[in-house]
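The values are calculated or read from the model by the stated rules, or taken from the named source; none is laboratory data. No experiment lies behind these values; they were computed from the predicted model shown. Positions of Cβ are generated from backbone atoms using ideal geometry, with glycine treated the same way; all protein chains shown enter the neighbour counts.
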């Protein structure tokens with residue numbers, strides 16, 4: 001019989017760390033603490049969210065629901081019945097978070113650097129908001145936390161603009177931000193009481209975007225630094241293990257996978273070339289520049305909305321048969337887009353929205369969701385002069401190849417998705433899983 005009164009759960013997030021990379025690092029002996037954890041727990045590959053961006057994935061993690069219930073569909077979203085877009089934040093989340101639920105059971109939570117939690121909301125415990133927090137005072141609850149963080153020289157995020165100075169300067173800031181984040185997480189682990197503790201390292205995502213090629217090529221200039229980064233994380237995990245006893249569940253996860261970026265793919269360029277999208281002015285400044293006869297447009301990353309009559313302000317496509325015919329035609333054509341160099345298709349799957357989303361906010365969902373093949377990063381820029389391009393990133397997100405670890409026996413009756421983790425956290429603390437959850441618990445107690 002478990003001692004329910006002493007139950008605690010610690011969750012560590014490694015943003016964008018792939019399952020395959022963890023396997024590789026442990027096989028190479030680069031992460032001894034992680035290897036020790038794997039010998040006593042369960043590591044599983046996990047799917048992300050649609051789309052596989054942090055704002056959607058981490059919101060699905062913290063609410064246990066899909067976007068049509070929690071209301072976040074992308075890094076940018078559109079206001080219903082308009083062409084106006086906005087950047088979602090914590091105030092746009094329409095589902096309860098796991099720490100909201102725990103508060104109802106008088107359980108205390110410490111939440112550090114989870115994306116999409118800015119501005120910080122009132123809770124039973126401490127919250128230090130993550131990406132895209134811009135002001136430390138508004139990023140913390142209670143207010144007394146901000147002065148302490150300032151004393152600790154806490155860094156909200158990596159200064160990625162340093163890439164324009166040099167890779168060396170960015171790398172220096174990557175290590176500094178990791179040092180500050182690790183120090184902060186360990187400080188609160190040591191000095192605060194909690195039932196649930198969540199600490200996320202977003203620095204791994206930044207490392208992968210700019211230095212992914214460094215881990216793949218052993219003779220690459222920054223290869224050693226890439227491995228050193230994960231060695232620091234491994235030492236951190238070893239220190240976290242000091243707070244794990246027989247009454248503590250430890251969960252480590254990523255929100256999506258990562259792979260080498262071959263090309264950025266500009267879907268709105270394709271829609272223009274195919275005659276589905278027109279603009280009154282070139283280049284367009286916003287969706288308000290949509291021209292007459294426009295039938296579809298795309299938002300990051302690969303979310304296509306039909307310009308539907310009665311829904312969009314200047315809708316062109318009629319609901320019903322015309323809507324369905326256009327969706328089917330677009331899906332058929334999208335799957336045939338090819339890389340002109342390799343002559344291979346670049347789209348893996350294309351979904352209709354009802355295949356993915358269900359819930360109160362279903363009407364806000366994109367009509368078509370594109371999942372690319374590895375290496376092809378879909379972009380929603382309104383105007384670009386070419387279909388394919390390549391910028392400063394060397395790595396990109398993937399829907400597959402995320403991971404979840406738990407220091408118990410895991411039951412995988414179905415492929416795991418990030419939405420399943422919230423139910424598992426509640427189960428680890430003996431809290432009933434709410435009916436609105438989409439995810440299911442995957443712990444089996446010994």
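Any chance you could count how many residues in the range 133-161 are under 21 Å from residue 207 (Cα atoms) and under 22 Å from the mean Cα position of the chain (by Cα)?
Total meeting the criteria: 9.
Quick one: count up the residues across the range 122-134 that are within 19 Å of residue 87 (Cβ to Cβ), surrounded by fewer than 19 Cβ atoms within 10 Å (Cβ to Cβ) and touching a residue at least 24 places away in the same chain (Cβ under 8 Å).
Adding up the residues that qualify gives 1.
Just to be sure, is residue 196 farther than 22 Å from residue 38 by Cβ, free of Cβ contacts under 8 Å to residues at least 24 places away in the same chain and surrounded by 15 or more Cβ atoms within 10 Å (Cβ to Cβ)?
When the stated conditions are applied, residue 196 does not pass them.
Out of everything in the range 262-303 that is surrounded by fewer than 22 Cβ atoms within 10 Å (Cβ to Cβ) and under 20 Å from the mean Cα position of the chain (by Cα), what residue ends up being modelled with the lowest pLDDT?
Checked the range 262-303; the qualifying residue modelled with the lowest pLDDT is 300.
Among the residues of the range 37-69, which ones are touching a helix residue (DSSP H, G or I) at 6+ places or on another chain (Cβ under 9 Å) and without any contact (Cβ under 8 Å) to a residue 40 or more places away in the chain?
56
Residues in the range 334-361 that are touching a helix residue (DSSP H, G or I) at 6+ places or on another chain (Cβ under 9 Å) and surrounded by 15 or more Cβ atoms within 10 Å (Cβ to Cβ): how many?
12
Based on what the data block shows, is residue 30 at pLDDT below 95 and either crowded, with 22+ Cβ neighbours inside 10 Å or touching a helix residue (DSSP H, G or I) at 6+ places or on another chain (Cβ under 8 Å) (or both)?
The answer is yes for residue 30.
Which count do you get for residues in the range 135-151 that are surrounded by 12 or more Cβ atoms within 10 Å (Cβ to Cβ) and part of a loop (DSSP other than H, G, I, E, B)?
Number of matching residues: 6.
In the range 24-58, what residues are farther than 17 Å from residue 398 by Cα and assigned to a helix (DSSP H, G or I)?
24, 25, 26, 27, 32, 33, 34, 35, 36, 37, 38
Any residue that is assigned to a loop (DSSP other than H, G, I, E, B) and either loosely packed, with under 15 Cβ neighbours inside 10 Å or in contact (Cβ under 8 Å) with a residue 60 or more places away in the chain (or both) - is there at least one of those in the range 177-185?
No; the residues of the range 177-185 include none that is assigned to a loop (DSSP other than H, G, I, E, B) and either loosely packed, with under 15 Cβ neighbours inside 10 Å or in contact (Cβ under 8 Å) with a residue 60 or more places away in the chain (or both).
For residue 242, work out the one condition from (1) touching a residue at least 40 places away in the same chain (Cβ under 8 Å); (2) surrounded by fewer than 21 Cβ atoms within 10 Å (Cβ to Cβ); (3) more than 22 Å from the chain's Cα centre (by Cα) it doesn't fulfil.
Of the numbered conditions (1) touching a residue at least 40 places away in the same chain (Cβ under 8 Å); (2) surrounded by fewer than 21 Cβ atoms within 10 Å (Cβ to Cβ); (3) more than 22 Å from the chain's Cα centre (by Cα), the odd one out for residue 242 is (1).
Mind checking whether some residue in the range 161-176 is in contact (Cβ under 8 Å) with a residue 12 or more places away in the chain and either on the phi > 0 side of the Ramachandran plot or assigned to a loop (DSSP other than H, G, I, E, B) (or both)?
Within the range 161-176, not a single residue is in contact (Cβ under 8 Å) with a residue 12 or more places away in the chain and either on the phi > 0 side of the Ramachandran plot or assigned to a loop (DSSP other than H, G, I, E, B) (or both).
How about the range 417-446: which of its residues are free of Cβ contacts under 8 Å to residues at least 24 places away in the same chain and more than 25 Å from residue 40 (Cα to Cα)?
432, 435
Out of curiosity, is residue 100 in contact (Cβ under 8 Å) with a residue 60 or more places away in the chain and either crowded, with 18+ Cβ neighbours inside 10 Å or within 23 Å of the chain's Cα centre (by Cα) (or both)?
Criteria not met by residue 100.
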